[in-house]
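What follows is a set of notes on a single structure, which appears directly below.
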Amino acid sequence: MNKITGLIAGAAVAFSFGAAQAENWDMPTPYSDAVFHTKNIIEFAKDVENATDGALTITVHSAGSLFKHADIKNAVRSRQVPIGEFFLSRLANENAAFGLDSLPFLAASYDEAEKLWAAQKPVITELLAEQNLMPLFAVPWPAQGLYTKNEIKTVDDLSGLKFRAYNAALEEFATLAGAAPTQVEAPDIPQAFATGQVEAMITSPSTGASSKAWDFVSYYTPINAWVPKNIVVVNKQMFDKLSPEVQAAVLAAAATAEKRGWDMSKAEAAAKTAIMAENGMNIVEPSPELIAGLKDIGATMLAELEAKASPEALEIIKIYKAN
Ligand code: PCA
């Protein structure tokens, strides 16, 4: 490009993005700055700002500082904020279709998680549209493992443990394992262990490391039972108000963020498990008995879900299993 066409191109960009007033969007997330999901959405915000020449800037509010986790979806729905991130399966109470990534052993590897997301995406896009919400991208946490003070060899060893849960499916899983679940948000994990409110949990090595699990448990057992996702949604009316150029920039940055997020997630599991080992935790491969017992619980949960699930959830399971 020579200097003159460069100037003209620059002016055209400034014109197309500058025509409308510059916008700033607040973006709440439940998770703290140390978490890779938060790093990814901060990158997403930068990409949008750069691609739009500052016509749209996004300010990320981490660790539930702007809205509590339970309120983020409705805050976006009611346009208190235009965009937000939350744990997708928290919406399972609205429709089981949202919760399938948190069903034990239905999709336990990244390949399966990708297949499940492909089956889920069109269905939940339609369900969210009914609430004036549009998904921009979804990124999985690494597979979920078990954190305990003592070694766990069978499901019986979980009996009576005060167990930290983050959604209804995990609460049911813990209950079926004979444990006593309590809901605790990720940033509150260290406090919940310190005060004795909980003594065991299931989560990713990412959250294990970001909450310094070695301060309160000694064993990590990578049962790798499910690969749950965060989702970023935007209010459709707010999105429609953006110029077509800015809309295109947001969608392009979202596609980039989805790809980058899955890559970050895949790199996390080994890296964060190594950090836990360096800090003195025992990393113990699960016994066949433990896995068999946990799979039984997963099968019970799937059968219960299939007996009462929404047509949308059943359709996703059908497509997922056929592929
Ligand atoms: N970390 C989040 C959700 C799943 C995960 O790996 C948490 O523990 O709340």
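Here are the numbers for the structure shown:
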quantity	calculated
Which numbered condition SER204 fails, given (1) under 22 Å from ALA96 (Cβ atoms); (2) within 13 Å of the ligand (Cβ to nearest atom)	(1)
Members of the range 23-48 that are of a type in the set (A, V, I, L, M, F, W, C), within 15 Å of the ligand (Cβ to nearest atom) and within 23 Å of ARG79 (Cβ to Cβ)	ILE41
Enumeration of residues in the range 126-174 that are within 13 Å of the ligand (Cβ to nearest atom) and of a type in the set (Lys, Arg)	ARG164
Verdict on LEU302 being touching a Leu at 6+ places or on another chain (Cβ under 9 Å), assigned to a helix (DSSP H, G or I) and under 19 Å from ALA113 (Cβ atoms)	yes
For ALA269: the one exception among (1) more than 25 Å from LEU116 (Cα to Cα); (2) crowded, with 17+ Cβ neighbours inside 10 Å	(1)
Residue check, GLU85 buried (at least 21 other Cβ atoms within 10 Å of the Cβ) and under 23 Å from ALA22 (Cβ atoms)	yes
Any hit, the range 129-137, residues being more than 21 Å from SER287 (Cβ to Cβ), crowded, with 21+ Cβ neighbours inside 10 Å and not hydrophobic (A, V, I, L, M, F, W, C)	no
VAL233 of a type in the set (Val, Ile, Thr), modelled with pLDDT of 95 or more and touching a Pro at 6+ places or on another chain (Cβ under 7 Å)	yes
Any hit, the range 56-70, residues being at pLDDT 95 or above, within 16 Å of the ligand (Cβ to nearest atom), surrounded by fewer than 17 Cβ atoms within 10 Å (Cβ to Cβ) and outside any loop (DSSP other than H, G, I, E, B)	yes
Strands (runs of 3 or more DSSP E) (entirely within the range 131-237) containing at least 1 residues that are of a type in the set (A, V, I, L, M, F, W, C)	133-140, 145-148, 162-165, 180-183, 200-203, 229-235
Residue list for the range 238-274, restricted to those being touching a residue at least 24 places away in the same chain (Cβ under 8 Å) and in a loop (DSSP other than H, G, I, E, B)	LEU242, SER243
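Residues are listed down the side, and each one gets a yes or a no for (1) in contact with a Gly (Cβ under 6 Å, 6 or more places away or on another chain); (2) surrounded by 20 or more Cβ atoms within 10 Å (Cβ to Cβ); (3) farther than 26 Å from ASN95 by Cβ; (4) at pLDDT below 95:
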{"position": "ALA143", "(1), (2), (3), (4)": "no, yes, no, no"}
{"position": "GLY160", "(1), (2), (3), (4)": "no, no, yes, no"}
{"position": "ARG164", "(1), (2), (3), (4)": "no, yes, no, no"}
{"position": "ALA168", "(1), (2), (3), (4)": "no, no, no, no"}
{"position": "ALA179", "(1), (2), (3), (4)": "no, yes, yes, no"}
{"position": "ASP188", "(1), (2), (3), (4)": "no, no, yes, no"}
{"position": "ALA194", "(1), (2), (3), (4)": "no, no, yes, no"}
{"position": "THR207", "(1), (2), (3), (4)": "no, yes, no, no"}
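The values are calculated or read from the model by the stated rules, or taken from the named source; none is laboratory data. Keep in mind that what you see is a predicted model, and the values were worked out from it rather than measured. As a convention, Cβ positions derive from the backbone with ideal geometry for all residues, glycine included, and neighbour counts pool all protein chains shown.
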